[in-house]
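The values are calculated or read from the model by the stated rules, or taken from the named source; none is laboratory data. Source: prediction; values computed, not measured. We place every Cβ from the backbone using ideal geometry, glycine too, and count neighbours over all the protein chains shown.
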Amino acid sequence: MKIMLDLNDKEIDKLTKAARTAGLKKVASSIESAAKTDDPVIDQKYRDAVPVRDGSLECDGEAIVSKGNEAGAYVQCWVWVSDKDAGIEEEDE
């Protein structure tokens, strides 16, 4: 399972310490490793590369960026889905 969180340095510290206190050394190491690879300049380059389509695919300026194991990253975006496409009819609401 992969969980993406947008945490500041203080929150990362608390989470790492809590994992170590709970005896979850591997989890604590993973948190530290992920935090060390966070580069705001690179993250913004990934955000800027999103093929935004106004009203159907949008990306916030502070969207979460999760670097993959290969050359690239996942960028959190907003995708518009109509009620019709979701199979939701008026009486379902």
* **Residue list for the range 13-23, filter: under 19 Å from I64 (Cβ atoms) and either touching an Asp or Glu at 6+ places or on another chain (Cβ under 8 Å) or among the hydroxyl-bearing types (S, T, Y) (or both)** => T16
* Structure fact -> Residue count, the range 6-38, condition among the small types (G, A, S) and at pLDDT below 90, comes to 6
